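Q: Mind looking over this structure? Questions follow.
The values are calculated or read from the model by the stated rules, or taken from the named source; none is laboratory data. The model shown is predicted, which means the values in this text are computed figures rather than measured ones. Every residue, glycine among them, receives a Cβ derived from its backbone with ideal geometry; neighbour counts consider all protein chains shown. Heads up: the accessible areas ignore ligands, DNA and RNA and are worked out on the full protein's heavy atoms, side chains in. Shrake-Rupley method; radii C 1.70, N 1.55, O 1.52, S 1.80 Å.
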Amino acid sequence: MSYIEQLRQVIGHRKIIAPGVRAVIRDAAGRVLLQRRGDFGTWGLPAGGLERDETVAAALAREVLEETNLRVLRAVPFGIYSNPDYSITYPNGDQTQPFTVAFLVEEWAGELAADGDESLELAFFALDALPPPERLHPPHRQALRDFQTFLDTGRLVVD
């Protein structure tokens, strides 16, 4: 049972601050990998929460492997998100405010495969040809815009 599941047994659906990671993974053509999520059915970045006694780097590697079957070989942070405006209520009623570190996965290995649970489908998209906003997971819309800013400026985004 995950740390968040254990916490939910005590506090129910009330809003918690949830530490997490998300990954921008690009192919050789520069397209970004998105997953169609099992919880909302929207497209988003591979992402997930930290477990107790886990670093953000370890959480990134674990979540990417679980959801995409890819191994993270090298990654750099490009964004930190904690704004309450990014709060979300999951279909089961759980409420979270993120404290998320977004990474550009600069090097990866493996054969792409959706896990069929958290990731229903995986596909690469050009930044100028992403799914429409209503089909993108709301917390990841801004991260994708910020990623473009990071590419243009090299500056870490903090929001």
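Q: Over the Cα atoms of segment 111-159, Rg to Rh with Kirkwood Rh, two decimal places?
A: 1.03
Q: Just to be sure I understand: with springs between alpha-carbon atoms less than 10 Å apart, which residue in G44, G110, G20 has the highest mean-square fluctuation in the Gaussian network model of the chain?
A: G110
Q: Still on this structure, please answer the following. How large a share of the accessible area of segment 1-156, in percent, is made up of carbon and sulfur atoms when the probe is 1.4 Å and the other protein chains stay in place? Can you show the working numbers first?
A: Details: 4120 of 8020 Å².
Answer for segment 1-156 is 51 percent, counting heavy atoms of protein chains only.
Q: Taking the solvent-accessible surface of protein heavy atoms with a 1.4 Å probe, what is the per residue accessible area of the chain in Å²?
A: Solvent-accessible surface per residue comes out at 52 Å².
Q: Further question on the same structure: In a GNM of the chain with a 10 Å cut-off on Cα contacts, which of V76, V21, V64 has the highest mean-square fluctuation?
A: V76
Q: Across segment 69-74, in residue order, what do the Karplus-derived ³J(HN,Hα) couplings come to in whole Hz, using 6.51 cos²θ - 1.76 cosθ + 1.60 with θ = phi - 60° and x for Gly and Pro?
A: Once rounded to whole Hz, the list reads 6, 9, 9, 7, 9, 7.
Q: Oh, and also: For all pairs of alpha-carbon atoms in segment 1-67, what percent lies in each bin of width 10 Å, listed from the first bin to the last filled one?
A: Histogram of Cα-Cα distances, whole percents per bin: 19, 43, 31, 6, 1.
Q: Separate question: Which of the trypsin sites (Lys or Arg not before Pro) found in segment 71-157 are loop residues per DSSP with 13 or fewer other Cβ atoms within 10 Å of their Cβ?
A: When the trypsin sites (Lys or Arg not before Pro) of segment 71-157 are filtered for loop state and at most 13 Cβ neighbours within 10 Å, R155 remain.
Q: To the nearest whole percent, what portion of all C-alpha pairs in segment 23-100 is separated by more than 16 angstrom?
A: On the way: 1773 of 3003 pairs.
Taking all Cα-Cα pairs of segment 23-100, the fraction more than 16 Å apart is 59 percent.
Q: Let me have the 222 nm mean residue ellipticity of the chain computed from DSSP H runs of 4+ only, each contributing -39500 (n - 2.57), with the sum over all residues rounded to the nearest 500.
A: Estimated from H runs of four or more residues: -7500 deg cm²/dmol.
Q: Now for a separate question. Where in segment 55-129 are there GluC sites (Glu not before Pro) that are in a DSSP coil and have at most 13 other Cβ atoms within 10 angstrom of their Cβ?
A: The qualifying sites are E111.
Q: Hey, could you get me the Stokes-Einstein D for segment 25-159, Kirkwood radius over alpha-carbon pairs, 4 °C and 1.567 mPa s, rounded to whole µm² s⁻¹?
A: The calculation lands on 85 µm²/s.
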